[in-house]
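Heads up, the thing below is written out as structure tokens.
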Amino acid sequence: MIKKLHLACLTCGILLSTSVQAEVYTLSRAVHRLLDYYPTIQIARLKTDQANWEIRNVKNQLSWKLNGSAGVVHDVSVFGTPYDRFEANASINRKLDSGHSLGFSGRYEYNDDSFVLNNSFPNPSQSLDFDINYRVPFGQGENNTGYEQSLVVAESQKAIEQANEKAILKSLVANIITFFHEIDNLKQRLVYTDTSIDRSRRLKQYITRNKKIGIYEEKDVLESEAQLLKVIAERENLYLAISEQKNSLRRLLGIEPDALVDIKIERYFVDDNDRNLLEKAEQDDPGLQIKKLLVDIADARIKLSLDENTDKKDLVFSLGARTLYGDSQTDNVSEEDYAAQLKFEYQYDLGNDAYTSRIEKAKRDKDITLQEMRLNKDEVKYQLTSLQDRIKKQRSLIEKLKQHNKVSAKKYNEAMARYRQGRIDTTKLIQFENDLHLANLDLSSAQTELSKSETSLALLVGDLLSQLNVYSKDK
């Protein structure tokens, strides 16, 4: 009955595999699908895009600013006589990289008074003024500190969002690595379990044949059948575990629940004796990258606050042209002249406590971040050391398990030979069978765990994402 059931399951499996082909995912394919699908990564990318617009907003501080106004007035002068006036003003200004300011302004005015005190003054009259202004700061705003540090903050915020995206991705890739190696380990255990089922089935058939001629008893048949049922149940449990792990992988990658998927393990090696591994791990760690950027932001805010707390001392140059023309009661008036101005402006804010508090807060932020960096570095160092130590011990363990596997196989073959000679009983042979099966499973698990540790090390030091064409090492 069990044999028929096994054959039926095997036939169904062959038919299914030929009719519907499972999608095979390598780690590279899985990670790129994750990048295209996972909502948290998409949100992180949108935040990076937001930060890009903030950089453009800061850079806009150096763009030209155009102002203009125009208006018509009808009113009564102090002499009680009505007058009409039209006035238009326009100016264009920008701040230079140096912190200096350059501006151009023009003004047009038309006046029509019903009463004029001086007959030589034109009425109606038109005037046109044009000025070039240049402002040089010697205190607040010197070297354009506000712009430069605002740009540092905006660019650092963008880099923080990129590092956040990388942190999310590395965390998710670590989950994929776990799923891949769990599935691979279960599949390898399934192979060895199928081999154990074949051995157990042959043993039962051998006992059943020889029972008829009185060599074995019913208890031997029952023991062999119990052993066969045990490993068949173990195989069913492995099928269930593989199904659950694949469901988790589908959910993570956004694959349809009923889609057939399979995985392919590829080895990713890193020289675990490389003396530069700690430096590489620190450079690739998103947490440390974020901390360094937060220090840059704190320094920028300190400089901004110091600049805002500085006295405002500006030297202003102005050069312009003035034109007045129109008809008076005595003559036609058309006057032109030049205008120049040099002035010094000074401003001091008596209430500077707000600036001082901002400076002190930024300094504390920096101190806190530096302490957090120390913790972050220790965490990276211990992660690296732990992985390196684990890889060395796993390699040593695998060598010992290979030896144990060979010895267990020899013990089983020798026991089977003695069993056929009637020198040991069924219980003892089954014990040797179980020992060989466990030796195979232990070796398979150790090899899978080594592959997982090597891949995790490559992820930690930044080589894995580079090899998967996700991030370059210097990004």
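The values are calculated or read from the model by the stated rules, or taken from the named source; none is laboratory data. Just so it is clear, the structure is predicted and the values come from calculations on it, not from any experiment. Ideal geometry is used to build each Cβ from the backbone, glycine not excepted, and the neighbour counts take in all protein chains shown. These area figures cover heavy atoms from the full protein model, side chains too; ligands, DNA and RNA do not enter into them. Shrake-Rupley method; radii C 1.70, N 1.55, O 1.52, S 1.80 Å.
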Legend entry - Among (1) surrounded by 13 or more Cβ atoms within 10 Å (Cβ to Cβ); (2) acidic (Asp, Glu); (3) not in a strand (DSSP E or B) - the single one Glu360 does not satisfy: (1)
Inset, instruction - Consider Thr427 carefully, then state whether it is without any contact (Cβ under 8 Å) to a residue 12 or more places away in the chain and of a type in the set (Val, Ile, Thr). - result: no
Legend entry - Among the residues listed as Ser150, Ser171, the single one being in a helix (DSSP H, G or I) and surrounded by fewer than 16 Cβ atoms within 10 Å (Cβ to Cβ): Ser171
Legend entry - Breaking point among (1) under 23 Å from Lys381 (Cβ atoms); (2) under 21 Å from the mean Cα position of the chain (by Cα); (3) open to solvent by 70 Å² or more (accessible area, probe 1.4 Å), for Phe269: (2)
Legend entry - Members of the range 455-471 that are within 18 Å of Ile265 (Cα to Cα), part of a helix (DSSP H, G or I) and open to solvent by 10 Å² or more (accessible area, probe 1.4 Å): Ser456, Leu459, Asp463, Ser466, Gln467
Inset, instruction - Go over the candidates Asp367, Asp311 one by one and state the one that is under 44 Å from the mean Cα position of the chain (by Cα) and open to solvent by less than 50 Å² (accessible area, probe 1.4 Å). - result: Asp311
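Is there a residue in the range 110-121 that is more than 30 Å from Leu27 (Cβ to Cβ) and buried (at least 18 other Cβ atoms within 10 Å of the Cβ)?
Within the range 110-121, one or more residues are more than 30 Å from Leu27 (Cβ to Cβ) and buried (at least 18 other Cβ atoms within 10 Å of the Cβ).
Ser466: out of contact with any helix residue (DSSP H, G or I) (no Cβ under 8 Å at 6 or more places or on another chain) and under 23 Å from Val31 (Cα atoms), yes or no?
Working: out of contact with any helix residue (DSSP H, G or I) (no Cβ under 8 Å at 6 or more places or on another chain): yes; under 23 Å from Val31 (Cα atoms): yes.
Answer is yes for this residue.
Taking Ile2, is it aliphatic (A, V, I, L, M), over 30 Å from Ser248 (Cα atoms) and either at pLDDT below 90 or touching a His at 6+ places or on another chain (Cβ under 8 Å) (or both)?
Values: aliphatic (A, V, I, L, M): yes; over 30 Å from Ser248 (Cα atoms): yes; either at pLDDT below 90 or touching a His at 6+ places or on another chain (Cβ under 8 Å) (or both): yes.
Answer is yes for this residue.
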Inset, instruction - Answer yes or no: is there a residue in the range 369-386 that is of a type in the set (Lys, Arg), in contact with a helix residue (DSSP H, G or I) (Cβ under 9 Å, 6 or more places away or on another chain) and in a helix (DSSP H, G or I). - result: yes
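Can you pull out the residues in the range 30-65 that are in contact with a strand residue (DSSP E or B) (Cβ under 9 Å, 6 or more places away or on another chain), closer than 20 Å to Ala174 by Cα and open to solvent by 90 Å² or more (accessible area, probe 1.4 Å)? Explain how you work it out, then say what you get.
Residues of the range 30-65 in contact with a strand residue (DSSP E or B) (Cβ under 9 Å, 6 or more places away or on another chain): 30, 33, 61-65.
Going one step further and asking which of them are closer than 20 Å to Ala174 by Cα, we end up with 30, 33.
Once the filter is applied, which keeps residues that are in contact with a strand residue (DSSP E or B) (Cβ under 9 Å, 6 or more places away or on another chain), closer than 20 Å to Ala174 by Cα and open to solvent by 90 Å² or more (accessible area, probe 1.4 Å), the range 30-65 yields nothing.
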Inset, instruction - Those residues that are open to solvent by less than 60 Å² (accessible area, probe 1.4 Å) and either at positive phi or within 34 Å of the chain's Cα centre (by Cα) (or both), I need them from the range 220-251; list them, please. - result: Ala241, Ile242, Ser243, Gln245, Lys246, Ser248, Leu249, Arg250
Legend entry - Complete set of residues in the range 441-453 that are surrounded by 21 or more Cβ atoms within 10 Å (Cβ to Cβ) and in contact with a Phe, Trp or Tyr (Cβ under 7 Å, 6 or more places away or on another chain): Ser444
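Scan the range 370-404 residue by residue and report those that are closer than 30 Å to Ile302 by Cα and surrounded by fewer than 17 Cβ atoms within 10 Å (Cβ to Cβ).
Initially, the range 370-404 is screened for residues closer than 30 Å to Ile302 by Cα, giving 370-380.
Of everything in the range 370-404, those that are closer than 30 Å to Ile302 by Cα and surrounded by fewer than 17 Cβ atoms within 10 Å (Cβ to Cβ) turn out to be Leu370, Gln371, Glu372, Arg374, Leu375, Asp378, Glu379.
Give me a count of the residues in the range 174-219 that are aliphatic (A, V, I, L, M), assigned to a helix (DSSP H, G or I) and surrounded by fewer than 17 Cβ atoms within 10 Å (Cβ to Cβ). Steps first, please.
Within the range 174-219, the first condition is being aliphatic (A, V, I, L, M), and the residues that meet it are 174, 176-177, 183, 186, 190-191, 197, 203, 207, 213, 215.
Going one step further and asking which of them are assigned to a helix (DSSP H, G or I), we end up with 174, 176-177, 183, 186, 190-191, 197, 203, 207.
Then drop every residue that is not surrounded by fewer than 17 Cβ atoms within 10 Å (Cβ to Cβ), which leaves 174, 191.
The total comes to 2.
Kindly establish whether Asn143 is part of a loop (DSSP other than H, G, I, E, B), of a type in the set (S, T, N, Q), modelled with pLDDT under 95 and open to solvent by 70 Å² or more (accessible area, probe 1.4 Å). Don't jump to the end; show me each part of the working.
Details: part of a loop (DSSP other than H, G, I, E, B): no; of a type in the set (S, T, N, Q): yes; modelled with pLDDT under 95: yes; open to solvent by 70 Å² or more (accessible area, probe 1.4 Å): yes.
In short, no.
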Inset, instruction - Considering each of Gly326, Gly351 in turn, give the residue that is exposed (fewer than 12 other Cβ atoms within 10 Å of the Cβ) and at pLDDT below 85. - result: Gly351
